[in-house]
1. Where the second residue is more than 16 Å from the ligand (Cβ to nearest atom) and in a strand (DSSP E or B) and the first is under 14 Å from residue 129 (Cα atoms) and lies in region 38-50, which pairs have Cβ atoms under 6 Å and are six or more apart or on separate chains?
2. Give me a count of the residues in region 25-37 that are surrounded by 14 or more Cβ atoms within 10 Å (Cβ to Cβ) and not in a strand (DSSP E or B).
3. Based on what the data block shows, is residue 102 of a type outside the set (Gly, Ala, Ser), touching a strand residue (DSSP E or B) at 6+ places or on another chain (Cβ under 7 Å) and either in contact (Cβ under 8 Å) with a residue 40 or more places away in the chain or surrounded by fewer than 17 Cβ atoms within 10 Å (Cβ to Cβ) (or both)?
4. Could you please find all residues in region 56-74 being free of Cβ contacts under 8 Å to residues at least 12 places away in the same chain and either more than 16 Å from the ligand (Cβ to nearest atom) or of a type in the set (Lys, Arg) (or both)?
5. When only residues in region 108-118 that are surrounded by fewer than 14 Cβ atoms within 10 Å (Cβ to Cβ) and touching a residue at least 40 places away in the same chain (Cβ under 8 Å) count, which is nearest to the chain's Cα centre (by Cα)?
6. Mind telling me which of the residues 35, 39, 24 ends up being within 13 Å of the ligand (Cβ to nearest atom) and touching a strand residue (DSSP E or B) at 6+ places or on another chain (Cβ under 7 Å)?
7. I'd like to know if region 42-55 contains one or more residues that are surrounded by fewer than 16 Cβ atoms within 10 Å (Cβ to Cβ) and within 10 Å of the ligand (Cβ to nearest atom).
8. Test each condition in (1) within 13 Å of the ligand (Cβ to nearest atom); (2) over 12 Å from residue 132 (Cα atoms); (3) touching a residue at least 12 places away in the same chain (Cβ under 8 Å) for residue 78 and report the one that comes out false.
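Readers should treat all values here as calculations from the given coordinates under stated rules, not as data from a laboratory. Quantities reported herein were computed from a predicted structural model and do not represent experimental measurements. Neighbour counts are summed over all protein chains in view; Cβ atoms, including those assigned to glycine, are modelled from backbone coordinates with ideal geometry.
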Amino acid sequence: MSTAFTPVSEADRAAVAEQLGRPPRAIRAVVARCPSGHPAAISTSPRLPDGTPFPTLYYLTCPRLCSLVGTLEASGLMREMTQRLTDDPELAARYLRTHREYLAERDAIESLGTDVSAGGMPGRVKCLHVHLAHTLACGSGVNPFGDETLELVRQSWPTGDCAAPTDS
Ligand SMILES: [Zn+2]
């Protein structure tokens, strides 16, 4: 189950706005923090204030972490992961469970009346940012691909000043 959510302070809201380059939409909680303390992932409401569906429940916000995950995605990892769903029925079953739990968590907030979850679940692996944010929010053992992504970025996940502007 979800770890303790911290309420969104004005300081966190401002930090996320700076990370995203725009005010955060439909933010509910900061669900994970970087080692340096700023928000790493947030949870959002299933709808924007104007009622537009906003089905992705967890977002990575730390630019450094997003960039590390982007590098992994560029390596073709998602294709391999998707292929493993075909080759490994046990993994596919775990991933289906992840999909259902994701929907259950979202429906507990507000049902969008759809079984579309996020990140390609349950048949494909499409966005490692989505999966890592899910793992950071819910802990390991919930999302197998989020867990794998966390292991892969753990070495390089900055412990210092990753709130500083990215050097792009
Ligand atoms: Zn960070």
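1. These pairs meet every condition: 42/27; 43/28; 43/29.
2. 4
3. Criteria not met by residue 102.
4. Scanning region 56-74 gives a single hit, 74.
5. 116
6. Going through 35, 39, 24 in turn, just one is within 13 Å of the ligand (Cβ to nearest atom) and touching a strand residue (DSSP E or B) at 6+ places or on another chain (Cβ under 7 Å): 39.
7. No - not one qualifying residue is present in region 42-55.
8. Against the list (1) within 13 Å of the ligand (Cβ to nearest atom); (2) over 12 Å from residue 132 (Cα atoms); (3) touching a residue at least 12 places away in the same chain (Cβ under 8 Å), residue 78 comes up short only on (1).
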